[in-house]
Structure formats: structure tokens, C-alpha cells
Amino acid sequence: DAKTTQPPSMDCAEGRAANLPCNHSTISGNEYVYWYRQIHSQGPQYIIHGLKNNETNEMASLIITEDRKSSTLILPHATLRDTAVYYCIVRTGGTSYGKLTFGQGTILTVHP
Amino acid sequence: SQTIHQWPATLVQPVGSPLSLECTVEGTSNPNLYWYRQAAGRGLQLLFYSVGIGQISSEVPQNLSASRPQDRQFILSSKKLLLSDSGFYLCASQDWNTEAFFGQGTRLTVV
């Protein structure tokens with residue numbers, strides 16, 4: 001599975017959009033981009049995933065560049081409860097789906 | 001969706017004692033199963049993953065072992081714990097092209 005690069009930390013004001021970048025320049029054609037977050041001392045929580053197209057759900061939006069070498073997770077109206085470590089992962093889909101490897105993630109701090 | 005049962009939530013064990021952490025999964029069949037460890041303030045380190053009964057891949061050399069005796073049961077073990085085995089252990093399950101579901105974790109302190 002391709003490696004990802006994320007900034008170690010980011011700040012965001014409550015009520016503003018949080019834009020978390022992720023580089024995955026070695027991503028291959030059958031690899032999906034997944035985002036998870038981990039609030040302190042809990043198991044990671046799935047947020048969103050995508051292959052090529054931009055995706056949106058009730059939690060967030062995922063913007064994937066046309067060349068698929070990077071993506072951005074957008075939390076449209078960040079709240080204090082969104083303070084967490086955010087992980088970007090790429091993994092293989094299909095019948096031979098690959099292992100799930102986490103990097104160090106981005107510590108997002110939402111402040112009042 | 002899947003439910004991951006992981007116990008106990010916390011565990012304090014002396015150095016040299018054995019360990020057995022169990023994870024069971026509901027809501028799916030033949031998933032990929034994973035064991036992760038997280039040291040304080042660090043990211044998730046993949047320890048083992050399994051694509052089927054009796055099939056275990058180890059990601060890092062260590063004092064631990066894993067087994068999958070049934071399709072939805074994943075066990076993490078050690079014969080003799082070391083201080084360095086302390087950490088937060090997470091079990092996860094994932095189907096093809098779906099998100100991974102995580103248990104609530106076991107915080108292990110080796111003393």
C-alpha cells in the first residue's frame with residue numbers, strides 16, 4: 001500500500017472549515033483513499049473514503065486531485081469535538097484487499 | 001455494520017506473565033482482522049493481520065503472537081510480557097471496500 005504524508009498538526013477556529021491535506025504521490029490505480037480520526041483513548045472512527053471522485057457525507061467532504069496524488073479532508077464547520085488525530089490511508093480494494101497501515105496522522109486542534 | 005468486541009478495557013500485568021487478549025467480530029464473515037498497538041502519544045503500529053482462519057502475517061518482530069482459531073475471533077498472546085509491551089491495543093475488522101471497524105481497545109500496563 002502507498003505511503004501517505006500529512007502535516008503533524010493544524011489549528012482551526014470553531015465554526016470555520018478545517019482543511020486537512022494528505023499527499024499520496026505513489027498511489028496506484030486500484031488504491032482507495034480513506035480517512036479516519038481518533039479521539040483520545042478511543043478506537044479510530046471512519047470518516048470517509050474515495051477512489052477518484054470527490055465524496056461527501058454527513059461528516060465531511062473528500063477532495064481528490066485529478067492525478068490522485070493528493071487529497072484534502074474538509075470538515076465544513078469544525079466544532080470543539082472535532083479535536084482529534086486525523087489519519088489518511090491508502091489501501092488496495094478488490095478481492096485481494098491489502099493491509100491497513102496508519103501513519104502518524106495530523107493532530108487537529110479546534111479552538112474557541 | 002460490524003461490531004468489534006474487545007476485552008478487557010484495562011489490564012495490569014507483571015513482567016514475565018502471560019497475556020491473552022481476545023477480539024470477536026459481529027456483523028460480517030471472512031473479514032480481514034488486525035491487531036494494532038499504540039504507545040502513548042504515538043500513531044498506530046500494525047502488529048498482525050489475518051485474511052482468514054489460521055492465516056497470520058506479522059508486521060514487526062516482537063514478543064507477541066496472534067492466532068485466528070475461528071472466522072470472527074482474533075487472539076493476541078504473549079508467553080512472557082516485557083515492560084516494552086505496555087500500550088493501547090486495538091483490534092480492527094474490515095471487509096472488501098468498506099471502512100474498518102475498531103474495538104474500544106485494551107490499555108495494557110506491564111509492571
- Free-by-geometry Cys in the protein assembly as shown, Cβ-Cβ under 4.7 Å as pairing rule, reported as A:Cys12
- Message: Can you report the principal axis dimensions of segment A:1-108 using only the alpha carbons, biggest first, rounded to whole angstrom?
- Response: 39, 30, 23
- Message: Given contacts defined as C-alpha pairs under 8 Å and at least six residues apart, what's the relative contact order of segment A:53-112, whole-number percent?
- Response: 27
- Query: What is the distance, in nm, between label points placed 7 Å from the Cα along the Cα-to-Cβ direction at B:Ser84 and at A:Leu80?
  - Reply: 4.1
- Query: Carbon and sulfur atoms: what percent of the 1.4 Å accessible area of chain B do they account for?
  - Reply: 53
- Could you work out the Rg to Rh ratio of chain B, with Rh taken as the Kirkwood radius (inverse of the mean 1/r over all Cα pairs)? 0.95
- For the protein assembly as shown, what is Rg from Cα atoms divided by 2.2 N^0.38 Å, rounded to two decimals? 1.03
- Message: So, for segment A:1-50, what is the accessible surface per residue at a probe of 1.4 Å, expressed in square angstrom?
- Response: 49
- Take a quick pass over the protein assembly as shown and tell me how many lysine pairs come in under 22 angstrom between Cα atoms, counting only ones 8 or more apart or on separate chains. 6
- Estimated buried accessible area (total), pair B and A, 1.4 Å, Å² to nearest 100: 1800
- Note on the structure: When chain B is treated as a Gaussian network with springs between alpha carbons less than 10 Å apart, the largest mean-square fluctuation among B:Gln45, B:Gln62, B:Gln13 is found at B:Gln62
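The values are calculated or read from the model by the stated rules, or taken from the named source; none is laboratory data. What you see is a predicted model, and the numbers here were worked out from it, not measured in a lab. Backbone-built Cβ (ideal geometry, glycine too); neighbour counts: all protein chains shown. Just the protein is used for accessible areas: all its heavy atoms, side chains included, with ligands, DNA and RNA removed. Shrake-Rupley method; radii C 1.70, N 1.55, O 1.52, S 1.80 Å.
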